[in-house]
Amino acid sequence: MTDYPYYVKEKCYCIFCENYFNEFKEWQKNEGTDFVRNFDIIGTDPRYFQCPACGSTDRERHLYLFLKEIGELDKFENKLILYVAPEINFLKKIAKPSMNFICGDLEPEKYLHLNINPFYKIDLTQITFDDATFDYVIANHILEHIPDYKKALAEIYRVLKPKGTAILQTPFSSLIYNNFEDFLIDTPSLKEKFYGQNDHVRIFGLQLFDDIKQAGFHLQIYNHYEVLPKFQPSIYGLNEKENLILARK
Ligand SMILES: [Zn+2]
């Protein structure tokens, strides 16, 4: 559905659960420090974070719309897809019997409630699958949690088949080139203060894109207004500054 019906009084619509409501739930975890705000990080839009009905997040909704609109979702048919830290609303929306998902996370115990079987323990810096196994790897907002992310990029490249695709949406700042990180920022409260979230390990700068290319990928970048001009961010709960970044092997 792309056209918002004139007779609906509510201001927002969730493409996943198809409910109308007045506002998305804001990102509640923290208010953010001035230090972090200066980086103008492109990631989640905290204003439109979560659907009050199904709990879907802006990054799940945006990823789904991007992939659907560019025709990439159709290519998931009969493919083997490694989905790390799976997001349940996105997965439910796209999964079909004709698609083969391998799901896993570094902390599989956190996903028990989803009843995904099997569910693998997956450390992206040492993936326990053979070279050239997967057609897709999805790691949506994961790299910012990984200390050795260059190792993770190399591993993702290794397990992808030739012409395979990695989906590596990651918050970053376009105001800096070098990543900002410091080994003394090593407690949850310091990480929250300097990186904006207590489990992030850096703020990525534009070097992230060169690092992805350095790992061997070529990048295909899609802008919200090129691909999704009909989807007004405030209605559909999306961050229009977030591009879709596909890393192709
Ligand atoms: Zn919803």
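For the reader, a short list of remarks on this structure follows.
Here is a yes/no grid of residues against (1) more than 26 Å from I176 (Cα to Cα); (2) out of contact with any helix residue (DSSP H, G or I) (no Cβ under 8 Å at 6 or more places or on another chain); (3) surrounded by fewer than 21 Cβ atoms within 10 Å (Cβ to Cβ):
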site	(1), (2), (3)
K11	yes, no, yes
Y48	no, no, no
R61	yes, no, no
I88	yes, no, yes
D105	yes, no, yes
L112	yes, yes, yes
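- Scope the range 82-107; condition modelled with pLDDT of 95 or more, of a type in the set (A, V, I, L, M, F, W, C) and in a loop (DSSP other than H, G, I, E, B); matching residues: A85, L106
- No other residue among I176, I221, I212 is touching a Leu at 6+ places or on another chain (Cβ under 9 Å) and part of a helix (DSSP H, G or I) apart from I212.
- Annotation note: of Q169, Q220, Q232, the sole residue that is at pLDDT 95 or above and closer than 30 Å to P52 by Cβ is Q169.
- Lone unmet requirement of (1) among the basic types (K, R); (2) over 19 Å from D130 (Cα atoms); (3) surrounded by fewer than 21 Cβ atoms within 10 Å (Cβ to Cβ); (4) without any contact (Cβ under 8 Å) to a residue 60 or more places away in the chain for R158: (2)
- Criterion (in a loop (DSSP other than H, G, I, E, B), closer than 26 Å to Q232 by Cα and at pLDDT 95 or above) met by exactly one of G71, G55: G71
- Residues being closer than 15 Å to R61 by Cα and among the small types (G, A, S) - total across the range 233-249: 2
So that you can scan it fast, the table gives a plain yes or no per residue for (1) within 16 Å of the ligand (Cβ to nearest atom); (2) modelled with pLDDT of 95 or more:
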residue	(1), (2)
D34	no, no
N38	no, no
I41	no, no
Y64	yes, yes
L80	no, yes
D123	no, yes
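- Pairs, first in contact (Cβ under 8 Å) with a residue 24 or more places away in the chain and among the aromatic types (F, W, Y) in the range 40-65, second part of a loop (DSSP other than H, G, I, E, B) and within 12 Å of the ligand (Cβ to nearest atom), C-beta under 8 Å, six or more apart: Y48/F24; Y48/G237; F49/F24; F49/G237; Y64/I15; Y64/F16
- Which numbered condition Y120 fails, given (1) in a loop (DSSP other than H, G, I, E, B); (2) touching a strand residue (DSSP E or B) at 6+ places or on another chain (Cβ under 8 Å): (1)
- Residues within the range 1-25 that are at pLDDT below 85 and among the acidic types (D, E), tallied: 2
The values are calculated or read from the model by the stated rules, or taken from the named source; none is laboratory data. These numbers come from a predicted model, not from an experiment. Glycine also receives a Cβ, built like all others from the backbone with ideal geometry; neighbour counts cover every protein chain displayed.
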